[in-house]
Structure formats: structure tokens, C-alpha cells
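Only one structure is covered here, and it is reproduced in the block below.
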Amino acid sequence: ERTGWIIAGIIVILVLTGTYRGRYNFTTEKVVIPVAGLHPDLCSLRIVLISDLHLSSFHDNPGKLSRAMKITESLDPDIIVNAGDYVTIGWREMEPFVETLASAKGRYGSVGIPGNHDTGVYHPFWDENERADNRRKIEDMIKATGSGYLSDSHTVFSIGEATLSITGITSAGRIPDIVYGDADLARPAADTADFALLISHDPNYWIENQDKVKHFDLTLAGHTHGFQLGVTAGKLRISPAALMFPVWNGLKKGDSGFLYVNRGLGTLGFPFRIGMPPEITLIILDGGV
């Protein structure tokens, strides 16, 4: 009986710590990616990746989101990438935070994609017209933050004499039935750019579509949250997320390109993070291979 009380006490302490500290313990992960033959004008390019804001997570603590945006901008980003899931249910969650999100700017700009939660599929009463209206409103608000909006589309940045293409694909549906957009829609831009970047909310797209992602030098994703539970200590990464996502956090090298998965900023399901702090990723391209 005493052992049971001790275990219960430990669980309560972990949950309270994860609720009041862990969920806002924003952690910066710095990742240097070696790229053979990288154009000199792209060497040391700084890409800051955020994902899975689930903005309802910040309704009671808007100052925490402001702090996350200040951290994002303090990393001196050339480009800011948001890998989707701005909201959990619908567009009203995002409306109060447009100005806050606009406060973080990249030197060359910012881009964002819709995650599966941004499609309105989790609202219990919306019909398809209401979901379409939700998607339009979220698109408008992403643009209002000063960010480019990529949904099965691409954009090209000119950086010095180099070109950087960024392609964003949509994700829709519910786990485990996620439906993906098609990265082939942007193949021409990816094939001619000096560096080709793909944003896919769900990292499993990279796992399941190597024939498509091989045309991109780097894929950025989120979606997993690291299940908001586990261990992140140095290179040690343990989480139940591994049961569903072969790559749920960190950098993975494929046959021709890299995948990086961000743990997300917000929370979903339960309002705490235990051993799985929210992440802001600084990615630096390195041509010195």
C-alpha cells in the first residue's frame, strides 16, 4: 500500500511539473547539416523550424507564446518555417495570436503549411463547406502574419546568386489515416534550385515516399510531439512516439537527402510535457563536407 502511494505521488509530481513548467520549457535544438556541393551563398544559411503550435495551448498564457517568438527571432533566422497544426479544432483558436506570430521575422521571409488539424476535420459538427471556410480563414491568417502559405505549392528564394526552393505539401485526415498532398507538383522548381527544401507536416510521408522526397535535399516535419512524454538527454531519445513514427524527433539521413522532425511548441490531448520539452530548431546549412 505504501509503495502505491509513493508511485501515485511521483505521478502527480511529474504531471504538475509537466503542466506548469515542462510545457513552456522552450528548448532550442541546433542542427548543422552537411551538404555536399552546397552553393557558397547558401553556406551558413540559418533556417528556424517551429511546428504544432496548437494555439489553444496558449490561450491562458499568451505571454508564453510571445516568449517563444522572441526566442525564434533571437536565433537570427534567414528563413522561418512553420510545419503546420496552428490550431487543434478550428480557426478561432488562431485569431488572437496573428500579431504575436507576425513578430518573428526571417531575413528573407517565412513560410507555413497547413497541418492535418488545420483542415477542420476534428470539429465534430462541421460539414465540408464549413471545413473549407475554416481552411480559407487559416490561410488568410497565416498570410496576415507575413508568412508565405504553401499548400501543395512552392516558392523560390533568391539568396545572393543562389536559389532556394521551398515546397509545402498538405496533410489531412486523422491518425492513422493521414492523407498527403503530392510533392511532385513542385518537382520542376526543386530540380533547378541550388537547394530544395520540402515541408511535410507528417514525417511518415518521408518514410513512405522515398521515390518523391529523393528530389529534395532536406525535408522538415513535426506532427509527433514526441507524444509529449519520454526522455531527451543529450543524444538519448526515448518516447512512445517511436511506435508510430520511425523518425519522431531529430535528424535522419536518407539515400539522397535529410529529414528533420521537430517536437512541436504546443500541447494536444493532455496539457503537459514530461521529459519532452517544446522545441525551436535552428538548422544551419554547412557546405564544408
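The values are calculated or read from the model by the stated rules, or taken from the named source; none is laboratory data. All figures in this text were calculated on a predicted structure; none of them were measured in a lab. Glycine gets a Cβ as well: all are built from the backbone with ideal geometry, and neighbour counts include every protein chain shown. Side chains are part of the model used for accessible areas, which takes the heavy atoms of the whole protein and leaves out ligands, DNA and RNA. Shrake-Rupley method; radii C 1.70, N 1.55, O 1.52, S 1.80 Å.
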### Unique match (being open to solvent by 20 Å² or more (accessible area, probe 1.4 Å) and in contact (Cβ under 8 Å) with a residue 24 or more places away in the chain) among H123, H117
H123
#### Entry: Verdict on M69 being at pLDDT 95 or above and under 15 Å from the mean Cα position of the chain (by Cα)
yes
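Given the condition out of contact with any Cys (no Cβ under 8 Å at 6 or more places or on another chain) and without any contact (Cβ under 8 Å) to a residue 12 or more places away in the chain, answer yes or no: does some residue in the stretch 84-91 qualify?
The answer is no; no qualifying residue exists.
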### Hits in the stretch 87-123 (condition: of a type in the set (A, V, I, L, M) and either at pLDDT below 95 or more than 13 Å from the chain's Cα centre (by Cα) (or both))
I89, M94, V98, L101, A102, A104, V121
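If only one of I178, I159 is of a type in the set (V, I, T), at pLDDT below 95 and open to solvent by less than 60 Å² (accessible area, probe 1.4 Å), which one is it? Give the steps one after another, and end with the answer.
Values: I159 fails: at pLDDT below 95.
Selected residue: I178, the only one of I178, I159 that is of a type in the set (V, I, T), at pLDDT below 95 and open to solvent by less than 60 Å² (accessible area, probe 1.4 Å).
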### Task
Please specify each residue of the stretch 245-289 satisfying the condition of being among the hydrophobic types (A, V, I, L, M, F, W, C), surrounded by fewer than 18 Cβ atoms within 10 Å (Cβ to Cβ), modelled with pLDDT under 95 and farther than 16 Å from L53 by Cα.
V289
### Message
Tell me yes or no: at least one residue of the stretch 133-144 is without any contact (Cβ under 8 Å) to a residue 12 or more places away in the chain and touching a strand residue (DSSP E or B) at 6+ places or on another chain (Cβ under 7 Å).
### Response
yes
